[in-house]
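*Asks:* I am attaching a structure below and will ask some questions about it afterwards.
Rule-based calculations on the coordinates, nothing more; no lab input. This one's a predicted model, so the numbers in the text were calculated from it and none came from an experiment. Cβ sites come from the backbone with ideal geometry, for glycine too, and all protein chains shown count toward neighbours.
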Amino acid sequence: MTTLHDFAPVPPFGHLPTPAGVDVVGIDVPVGRLTAYRVVPSGPSKGIVLVVPGYTGSKEDWRTFMPLLRDAGWTAVAISRRGQADSAAPDGRGAYTLEQEAADVVRVAGLLDDGAPVHLIGHSLGGVIVRAAAIASPASFRDVTLFCSGPYGWPNRKFAEKGIVAETRTNRALFDAQNPLWAGRPDDELPDDPRFARFRFDHTSVLSILGGAAILEDPTDTTEALRDTGLPTLVAHGVWDGAWPIPWQRDMASRLGADYEVIPESYHGPQVENPLGTLAVFDAFMNAH
């Protein structure tokens, strides 16, 4: 029998509509309030799932996927990490280390089911963070899914992005560099998705971007440490995922002794690009544990 803490409601972030049955809540941890989406099935719950987003993302990356998890019988919470969107954004680069980010995940997990272990999914940089959380506190989790996430980073991977942000001290310049078609245009000329992405860049901490870039450039490989936790693991990615070399992800799965799934017709965001295929992969793995 799963339980779920009665977190306080908070306003939605941005202009995109919140799907029916998806609650927007705040989760208070030592760093401050992290915002989250929460879904609860109408019938018995199969368990609680904690989702951690990636580098320049937020809980809104999972906005349309959360109802699918709910309808499949899962209670689920997707957070915005510290510094992302409308979550608490501490000052100082030292607040955005891998250890601090992982500690947030462990703390949130401890609030979700009276301290019982939960299923854990991390997307991209979120995968690196959930790996560190699982290594730090394996008893907090039932299993771990590394979703479009590789075994390690590489030096200067985010050199250009760090330079843009460090020089301008704003994320707007990074959005403009990544989206030249929409750079400088007013909101009413932007489609919904780039309009929201720009809004999120504007409200995300520059320190979060710089801290995330540093984590993504770290070549440390903790695959064996995750394997040694004994936690069941899943490595899954889109068939055209280009964020980490796919052979690295496949090799990581082999070294972990993990389940390995390639999601068709998708790139680096299969939960948006092929949501039903992604749901089938997640549901089968979590059902087994």
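*Asks:* Just to confirm the filter: which trypsin sites (Lys or Arg not before Pro) across the range 161-265 are DSSP coil and have at most 10 other Cβ within 10 angstrom of their Cβ?
*Replies:* Counting only loop positions with at most 10 other Cβ atoms within 10 Å, the trypsin sites (Lys or Arg not before Pro) in the range 161-265 are Arg169.
*Asks:* Right, next: Report the relative contact order of the chain, percent, no decimals, based on alpha-carbon pairs under 8 angstrom and at least 6 residues apart.
*Replies:* After rounding, I find 18 percent.
*Asks:* Counting Lys and Arg as +1 and Asp and Glu as -1, what is the net charge of the other residues whose Cβ lies under 12 Å from the Cβ of Cys148?
*Replies:* -4
*Asks:* As a test of understanding, state the convex hull volume per residue of the range 137-204 from its alpha carbons, in Å³.
*Replies:* Convex hull of Cα atoms, per residue: 167 Å³.
*Asks:* Can I ask one more? With only alpha-carbon atoms counted, please give the Rg and Dmax of the range 214-289, in Å.
*Replies:* In order Rg, Dmax, the Cα atoms of the range 214-289 give 13.0, 35 Å.
*Asks:* Pop out the ³J(HN,Hα) list for the range 42-57 in order, Karplus 6.51 cos²θ - 1.76 cosθ + 1.60 with θ = phi - 60°, rounded to Hz; leave Gly and Pro as x.
*Replies:* Result, rounded to whole Hz: 6, x, x, 8, 7, x, 10, 10, 10, 10, 10, x, x, 3, 9, x.
*Asks:* Shifting gears a bit: Quick one: check the C-alpha center-to-center distance for the range 57-119 versus the range 225-264, whole angstrom.
*Replies:* Result: 21 Å between the Cα centres.
*Asks:* In whole Å and largest first, what semi-axes does the C-alpha gyration tensor of the range 28-110 yield when each eigenvalue is scaled by 5 and square-rooted?
*Replies:* Over the Cα atoms of the range 28-110, the ellipsoid semi-axes are 25, 13, 9 Å.
*Asks:* Distances longer than 31 Å among the Cα atoms of the chain: what percent of all pairs is that?
*Replies:* Everything past 31 Å amounts to 21 percent.
*Asks:* Report, in cubic angstrom per residue, the convex hull volume of the C-alpha atoms of the range 47-177.
*Replies:* 120 Å³
*Asks:* While we're on this one: Output needed for the range 110-171: three equivalent-ellipsoid semi-axes, defined as square roots of 5 times the C-alpha gyration tensor eigenvalues, in descending order, whole Å.
*Replies:* So the three semi-axes of the range 110-171 are 31, 14, 9 Å.
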